[in-house]
Amino acid sequence: MLILENVDVYYGNIQALYGLSLEVKEGEIVTLIGSNGAGKTTTLRTISGLLPARGGSILFEGEPLVGQRPEKIVGRGIAHSPEGRRIFVGLSVRENLEMGAYLVRDAAKKKERLERVFSLFPRLEERINQSGGTLSGGEQQMLAIGRALMSRPKLLLLDEPSLGIAPILVQEIFHEIDRIRREDGTTILLVEQNARMALKLADRGYVIETGRIVHQDQADALLDDPKVREAYLG
Amino acid sequence: MGEFFDFFLNGLGLGAIFAFIALGYTMVYGIIKLINFAHGEFFMVGAYVGYFTLRDLDIERVDLPQPFPIMLDFLVAILFAALAAGILAVLTERLAYRPVRKAGRIAALLTAVGVSLLLQNVARQVWTANVRPFPDPKIFRTLDEVDGPAGTNLYADRDFETSDGDVVVETQLVVSQGETVDPAKRTQLEADGVEEVYERVTLSPKAVQNYVLLALLLFAPILWLLVKKTRMGKAMRAASEDADAARLMGININLVVAATFFIGAFVAGIGGVAYIATYGKVDPMIGFLPGLKAFVAAVIGGIGSIPGAILGGLILGVTESVLPWMLQKMGWDAAFAWKDAIAFAFLIVVLVVKPTGILGKPMREKV
Ligand SMILES: Nc1ncnc2c1ncn2[C@@H]1O[C@H](COP(=O)(O)OP(=O)(O)O)[C@@H](O)[C@H]1O
Ligand SMILES: [Mg+2]
């Protein structure tokens, strides 16, 4: 479904990704793990078009993505829940979710998706008219994921959904991520520093270090890999 | 007390003009963090277009009972002024600001100053630097409608041939106030080619001030609904909070920025007509001081906040009107000459007390 091949990305003159290749197949949950500053966020931002790739290719359903604007890429079926949540704090929960369906003109579809998001995250329905800024960190994360789901993506990019959130809520959020794949058939690329949780959820995993993929395997194999255990699961 | 109230209302009228201009400053700043120094010039161009609409189109000619022709005249002038300012803003954004948007805020600011000076100079070339008096609305009458002693001066526009053969239209006083229009006078006028005369309505400053305030009261809720309820308005709010996140929603930022420039300048164009009616003049420099003060108003209100811009404008207008009056009462005769300095001093006081302005949000850290 998504294939990155030899992708190079730079911030100015500083290279952040070095010939990065990875693949996500339809229906999979794939996780990209690595320590802070390894290039995980950069990878997701490149896929969703916020950063330009200077070399290599990105194919989504066989069609190239490189050079397309983010607003076009969402329309192609890729939704991105960014690092740090980035919800609109001045907009209400409902408005935030509506923004997620910005390209959807059909009111019935919007309503149906809104209900789906509420069935995954009932807390959001309770807070529907509150402004995004008044939510707790965990609720904001739910909102960010819910907002991404409003475009009914084929591929969902999740950047560190566990970041800065109480462990109990992390459990809840990971449980819902699993449901999103099982019940909606949404393919997921999950970026995490919390490698243990991510590998338990995912089918396959990639390990990234300083902009390069250094390991890739089935998730349970990575969980058992001594090198991975030592570096990321210690 | 009555006198205080007069100055207070007068201040609200002036403040409404600042508010009309401040809205565009604040909306553009909210979305691309640019202090658009050319905004005052959008206002000035709007004022000129309003001026020419009022002066030349003779919309008052429509066959309706008074005061509807005059109202229609102003409505059309406001619409044209607003559209002209809006279109100019969209072109400016596309041709001057968008190319430097990624080059950093200083580059954008310098570009804005450049555009501001450019527009001032173009206006001076095209429209000359002359201060033009406000074209008072006209009430048209055919010759048979005037009979007996004229209640006011009556004018007619007549064609004259210049020495080099050009035909120019000039306004001529054809009947002075009190002069009797009898059949003889009428025959003489007809012989001169006059078929129609008009009287000029001098607007009372108080009426103008009330209408300007009324215009703000009508327009502010429309703008509020636009930003609060429409898809584009929500996209604007989202983009002003976090442009990258907005793009991830599928929002075309360029379109949102263009729409913001258009709406901001559209509102300034309305303010342009309000200005020429209030101050009774237009010239290429009128964008400068009102533009600067509107910027002050936007900052006082909390830059980026739409209600803040309105509040800031009104507060600044009232301060500029009431404070010098109070200081004069207290014995400072020159207070009114210092009103601009007083306005800027007020800004400094507000910013010391509340650096983000009255309705400004506290600075958010960017992730
Ligand atoms: N906006 C930026 N400008 C310059 N360098 C950046 C920027 N964002 C990230 N980087 C650098 O790129 C590298 C990868 O960062 P990032 O993708 O955010 O890592 P991760 O998400 O894995 O923590 C880091 O070295 C980081 O310092
Ligand atoms: Mg990251």
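The values are calculated or read from the model by the stated rules, or taken from the named source; none is laboratory data. In this text, all values refer to a predicted model and were calculated from it rather than measured experimentally. Quick reminder, even Gly has a Cβ in these numbers, built from the backbone with ideal geometry, and neighbours come from all protein chains shown. The area values use the complete protein model at the heavy-atom level, side chains included, leaving out ligands, DNA and RNA. Shrake-Rupley method; radii C 1.70, N 1.55, O 1.52, S 1.80 Å.
Of all residue pairs spaced 6 or more apart or on separate chains, those with beta-carbon atoms under 6 Å, a first member in the range B:191-205 that is farther than 11 Å from B:ALA156 by Cα and a second member that is open to solvent by less than 50 Å² (accessible area, probe 1.4 Å) are B:VAL201/B:ASP136; B:VAL201/B:PRO137; B:THR202/B:ASP136.
Assess whether B:THR152 counts as being in contact (Cβ under 8 Å) with a residue 40 or more places away in the chain and polar (S, T, N, Q). Break it down into steps so the answer makes sense when it comes.
On the way: in contact (Cβ under 8 Å) with a residue 40 or more places away in the chain: yes; polar (S, T, N, Q): yes.
Taking the combined requirement at face value, the residue satisfies it.
Please work out which residue is nearest to A:LEU223 (Cα to Cα), limiting yourself to the range A:173-196 and to residues that are buried (at least 16 other Cβ atoms within 10 Å of the Cβ), free of Cβ contacts under 8 Å to residues at least 60 places away in the same chain and away from ligand 1 (no atom under 16 Å from the Cβ). The qualifying residue nearest to A:LEU223 (Cα to Cα) is A:PHE174.
Quick check on my filter: what residues within the range A:12-48 are away from ligand 2 (no atom under 13 Å from the Cβ) and touching a helix residue (DSSP H, G or I) at 6+ places or on another chain (Cβ under 9 Å)? Steps first, please.
Within the range A:12-48, the first condition is being away from ligand 2 (no atom under 13 Å from the Cβ), and the residues that meet it are A:12-15, A:18-31, A:47-48.
Of everything in the range A:12-48, those that are away from ligand 2 (no atom under 13 Å from the Cβ) and touching a helix residue (DSSP H, G or I) at 6+ places or on another chain (Cβ under 9 Å) turn out to be A:LEU20, A:LEU22, A:GLY27, A:GLU28, A:ILE29, A:VAL30, A:THR31, A:ILE47, A:SER48.
Tallying residues that are open to solvent by less than 80 Å² (accessible area, probe 1.4 Å) and part of a helix (DSSP H, G or I) within the range B:57-70 yields 4.
Looking at the range A:76-101, which of its residues are touching a Ser or Thr at 6+ places or on another chain (Cβ under 6 Å) and either open to solvent by 10 Å² or more (accessible area, probe 1.4 Å) or within 16 Å of ligand 1 (Cβ to nearest atom) (or both)? Scanning the range A:76-101 gives A:HIS80, A:GLU83, A:SER92.
For the range B:78-106, filtering for residues that are free of Cβ contacts under 8 Å to residues at least 40 places away in the same chain and surrounded by fewer than 14 Cβ atoms within 10 Å (Cβ to Cβ) leaves 7. Looking at B:GLY317, B:GLY291 in this structure, which one is at pLDDT 90 or above, touching a Leu at 6+ places or on another chain (Cβ under 7 Å) and either surrounded by 15 or more Cβ atoms within 10 Å (Cβ to Cβ) or away from chain A (no Cβ under 14 Å) (or both)? None of the other options fit; the residue is B:GLY317. Residues in the range A:140-166 that are away from ligand 2 (no atom under 16 Å from the Cβ), part of a loop (DSSP other than H, G, I, E, B) and open to solvent by less than 10 Å² (accessible area, probe 1.4 Å): A:MET150, A:PRO153.
Among the residues of the range B:190-240, the one identified as in contact with a Lys or Arg (Cβ under 7 Å, 6 or more places away or on another chain) and among the aromatic types (Phe, Trp, Tyr) is B:TYR198. If you go through the range A:72-122 and keep only what is more than 16 Å from ligand 2 (Cβ to nearest atom) and hydroxyl-bearing (Ser, Thr, Tyr), you end up with A:SER92, A:TYR102, A:SER119.
For the range B:222-234, enumerate the residues that are open to solvent by 20 Å² or more (accessible area, probe 1.4 Å) and either part of a helix (DSSP H, G or I) or at the interface with chain A (Cβ under 9 Å from one of its Cβ atoms) (or both). Working first, answer last.
Restricting attention to the range B:222-234, the residues satisfying the condition of being open to solvent by 20 Å² or more (accessible area, probe 1.4 Å) are B:222, B:224-226, B:228-232, B:234.
If the condition is that a residue be open to solvent by 20 Å² or more (accessible area, probe 1.4 Å) and either part of a helix (DSSP H, G or I) or at the interface with chain A (Cβ under 9 Å from one of its Cβ atoms) (or both), then B:ILE222, B:TRP224, B:LEU225, B:LEU226, B:LYS228, B:LYS229, B:ARG231, B:MET232, B:LYS234 are the ones that fit.
Residues in the range A:2-35 that are within 14 Å of another protein chain (Cβ to nearest Cβ) and modelled with pLDDT under 95: A:GLY12 alone. Among the residues here, A:LEU20 qualifies as within 16 Å of ligand 1 (Cβ to nearest atom), assigned to a strand (DSSP E or B), in contact (Cβ under 8 Å) with a residue 12 or more places away in the chain and open to solvent by less than 10 Å² (accessible area, probe 1.4 Å). For the range B:250-272, a residue qualifies if it is out of contact with any Leu (no Cβ under 8 Å at 6 or more places or on another chain), open to solvent by less than 10 Å² (accessible area, probe 1.4 Å) and farther than 16 Å from B:LEU91 by Cα, and the qualifying residues are B:ILE251, B:GLY271, B:GLY272.
Restricting to the range B:152-209, count the residues that are among the basic types (Lys, Arg) and open to solvent by less than 60 Å² (accessible area, probe 1.4 Å). Even if it seems obvious, please write down each step before you answer.
The initial filter retains those residues of the range B:152-209 that are among the basic types (Lys, Arg), namely B:158, B:185-186, B:200, B:206.
The next check asks that each one be open to solvent by less than 60 Å² (accessible area, probe 1.4 Å); those that pass are B:158, B:185-186.
Summing the residues that are among the basic types (Lys, Arg) and open to solvent by less than 60 Å² (accessible area, probe 1.4 Å) in the range B:152-209 gives 3.
Only one entry of B:ARG247, B:ARG237 meets the criterion of being within 8 Å of chain A (Cβ to nearest Cβ), part of a helix (DSSP H, G or I), out of contact with any His (no Cβ under 8 Å at 6 or more places or on another chain) and surrounded by fewer than 22 Cβ atoms within 10 Å (Cβ to Cβ), and that entry is B:ARG237. Of the residues making up the range A:57-84, those that are more than 19 Å from A:LYS25 (Cβ to Cβ), more than 8 Å from chain B (Cβ to nearest Cβ) and not hydrophobic (A, V, I, L, M, F, W, C) are A:GLY67, A:GLN68, A:LYS72, A:SER81.
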